[in-house]
1. Against the condition surrounded by 14 or more Cβ atoms within 10 Å (Cβ to Cβ), in contact with a Ser or Thr (Cβ under 8 Å, 6 or more places away or on another chain) and not acidic (D, E), how does A43 come out, does it pass?
2. Count, please, the residues in region 123-138 that happen to be modelled with pLDDT of 85 or more, among the aliphatic types (A, V, I, L, M) and out of contact with any helix residue (DSSP H, G or I) (no Cβ under 6 Å at 6 or more places or on another chain).
3. Do we have V27 as among the aliphatic types (A, V, I, L, M), at pLDDT 90 or above and either at positive phi or not in a loop (DSSP other than H, G, I, E, B) (or both) here?
4. Among the aromatic types (F, W, Y) and at pLDDT 90 or above - does that describe any residue in region 99-112?
5. Among the residues in region 55-74, are any within 24 Å of the chain's Cα centre (by Cα), under 20 Å from R156 (Cα atoms) and touching a residue at least 12 places away in the same chain (Cβ under 8 Å)?
6. What number of residues in region 161-193 are among the β-branched types (V, I, T), assigned to a helix (DSSP H, G or I) and over 18 Å from the mean Cα position of the chain (by Cα)?
7. Which condition from (1) modelled with pLDDT under 90; (2) assigned to a helix (DSSP H, G or I); (3) not basic (K, R) is the one that L92 breaks?
8. Select from region 53-64 the residues that are surrounded by 14 or more Cβ atoms within 10 Å (Cβ to Cβ) and not charged (D, E, K, R) and list them in ascending order.
Amino acid sequence: MKTGTKIVLGVVLIIVLLVLIIGGWVVGRYNKIQKEKVAVETAWAQVQNVYQSRYDLIPNLVNTVKGAANFEQETLTAVVEARAKVGGQINLPEGALNDPTAMANFQSAQAGLSSALQRLMVVVEQYPTLKANQNFLDLQVSLEGMEGRIRTERVRYNDAVKAFNQLIVVFPNNIFAGIFNVKPFQFFQADAAANTAPVVDFGTNK
């Protein structure tokens, strides 16, 4: 084999190796971004699951409370209306987690429902028959458990979002994020009312 041919083959081999190395590095960066994206979407799915569970529980809660004589109708109406606002926003469309407006609307609706439920629990204090109703007690315990799970899943979601958003802004990941149109996810920033589980003191020690 001639010397010139060897040089050409050597150069071609080096070029091929460089392409493979760079290609592997690019694929690795891209896969890392996609892995963190899936982590965010998985965390959000858990948030949706607990919100859906709370949404599904409310009709039974309302029906149970409605059975109490002369129960404050305004409070029940507020819960029903708040639930209706939430109904169309539990399963957000694709891309909504990157949209500040969509996330703000979602959070506002959920916060409104949390506030209405808290008001309901406060009013229940005035109705001894409800405080002694085992069905209501069971629903109330379930609701408090769900509120706790919601807070937990929101924290996990925000942790995943933080990891993803930090990943795509550092060099060279920010270049790939721009090429592939990868956008940061929105954090869940609930207000104080949404962060407080409904609490009922049944006065068992009074």
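The values are calculated or read from the model by the stated rules, or taken from the named source; none is laboratory data. Quick caveat: nothing in here was measured; it's all calculated off a predicted structure. So basically every Cβ, Gly included, is an ideal-geometry build from the backbone, and we count neighbours across all protein chains shown.
1. Details: surrounded by 14 or more Cβ atoms within 10 Å (Cβ to Cβ): yes; in contact with a Ser or Thr (Cβ under 8 Å, 6 or more places away or on another chain): no; not acidic (D, E): yes.
In short, no.
2. 1
3. Values: among the aliphatic types (A, V, I, L, M): yes; at pLDDT 90 or above: no; either at positive phi or not in a loop (DSSP other than H, G, I, E, B) (or both): yes.
So V27 fails the test.
4. yes
5. The answer is no; no qualifying residue exists.
6. So the answer is 4.
7. (2)
8. So the first thing to find is which residues in region 53-64 are surrounded by 14 or more Cβ atoms within 10 Å (Cβ to Cβ), and the list is 53-55, 57-58, 60-62, 64.
S53, Y55, L57, I58, N60, L61, V62, T64, listed by residue number.
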